[in-house]
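Here the structure is laid out as structure tokens; the discussion comes afterwards.
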């Protein structure tokens, strides 16, 4: 036995406000952390600068004092020098030492750590941090001093780093405290500002909730921010296409209900007559009428479905089109109708220039369009007449023509024959009036034009009938209907 699958929880989508705040606050805190590091080094430099200048002054003073004496006899500082190095009430005392070129102590405090890797650059003051008796100190040293005997020496001074650390902490506190107060306030104000800025989206959401289910009218964009106007335009486009689809389905249902009533009523009548008849011949006639009626109803349903399909094709979908050659397509379609034309003694012919006629289009829909043109021509052509299908180039266009020798279409009726269920009065031909409506839908989908031409041609200038031409654009790229 297999265990029942665990139902998947619906995925929760992040809110737009949450995403914006996330992308604002997280980088803001990252930048704030980087700012703390930068502030630390800035405060360290600010705290060290005045103390280092003082330490440099003490270093130069000490070297000057030693240069006035002989190191062999010891070092004795003047009263003023001792006072300066001792510092004031708020300052720490500065310790010192004098070293020879080999690093041996000549005078001063032996507890001061000897500088590591000190160089012999004359008058180049160098600083370093060190530790003395578990206490951080700041050292300054310089090489280049010479006593009265010409002996070179290294001068070193040091002072506790406690005062520097205190100053640095005060600087950090003064710089970071306002940031700690301002940053949360800035985040709160940003959230409040975004909430107010996204208020139009909330209004739009409330407006969409209040719309009735069957309300497919365009959404107003006069109160929407400029950033979401393209989104509203896309939504309106979807609503328009949905409205067109629903309207197409409604027309199909209405047309089917209206047009199927007559053949279905006829079929029912013939069934009732067949049930009443006793003679086999009359029953056979009734059954033949049932077959004819069912064929008409089947053709009517097929034409309605084809018309609905032609209306529902999305012209923006490039997969509905392909590169095809109209010449073999038209020739094969014409051959399919030869068996229908022969019993009526109609001369069905095909003419072409023999050259390839490439276009982008939907082969199935173009074939159905041509089928309806040929069927319409055969329907209205009397026995012994002629129907000619032509596929020929004309400049930058590719043309399909169907010409018949029927009674023709009056000029005042030519604009109306493409309407659904419209039939010219006075003709006994049977039909549903949907053939040319299908032709128009397919032609519009392919950006083709339809025109009635004079029936005469160079072979027979006096011929009568109807000559209808569908012209397709000859192009190397698919076209979309706007």
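If you check residue 374 against the conditions, is it part of a loop (DSSP other than H, G, I, E, B), farther than 17 Å from residue 445 by Cβ and in contact (Cβ under 8 Å) with a residue 40 or more places away in the chain?
Details: part of a loop (DSSP other than H, G, I, E, B): no; farther than 17 Å from residue 445 by Cβ: yes; in contact (Cβ under 8 Å) with a residue 40 or more places away in the chain: yes.
Spelling it out, it is not the case that residue 374 is part of a loop (DSSP other than H, G, I, E, B), farther than 17 Å from residue 445 by Cβ and in contact (Cβ under 8 Å) with a residue 40 or more places away in the chain.
Just to verify a result, which residue in the range 332-370, among those that are in a helix (DSSP H, G or I) and surrounded by 19 or more Cβ atoms within 10 Å (Cβ to Cβ), is nearest to the chain's Cα centre (by Cα)?
Step one: of the range 332-370, the residues in a helix (DSSP H, G or I) are 332-336, 338-344, 363-370.
Imposing the further condition that a residue be surrounded by 19 or more Cβ atoms within 10 Å (Cβ to Cβ) reduces the set to 333-334, 341, 365-366, 368-370.
On the way: 333: 43, 334: 46, 341: 54, 365: 32, 366: 34, 368: 37, 369: 37, 370: 40 Å.
That would be 365.
For residues in the range 52-71 being assigned to a helix (DSSP H, G or I) and surrounded by fewer than 19 Cβ atoms within 10 Å (Cβ to Cβ), which is nearest to the chain's Cα centre (by Cα)?
Initial filter on the range 52-71 (assigned to a helix (DSSP H, G or I)): 52-67, 71.
Then keep just the ones that are surrounded by fewer than 19 Cβ atoms within 10 Å (Cβ to Cβ); that gives 52-54, 56-57, 60, 64, 67.
Details: 52: 59, 53: 61, 54: 64, 56: 64, 57: 67, 60: 70, 64: 76, 67: 79 Å.
Within the range 52-71, the match that is nearest to the chain's Cα centre (by Cα) is 52.
Take the residues in the range 72-92 that are surrounded by 12 or more Cβ atoms within 10 Å (Cβ to Cβ) and over 27 Å from residue 150 (Cβ atoms); name whichever of them is modelled with the lowest pLDDT.
91
The values are calculated or read from the model by the stated rules, or taken from the named source; none is laboratory data. Just so you know, these numbers come straight off a predicted model, no measurement behind them. Here Cβ is always computed from backbone atoms with ideal geometry, including for glycine, and neighbour counts include all displayed protein chains.
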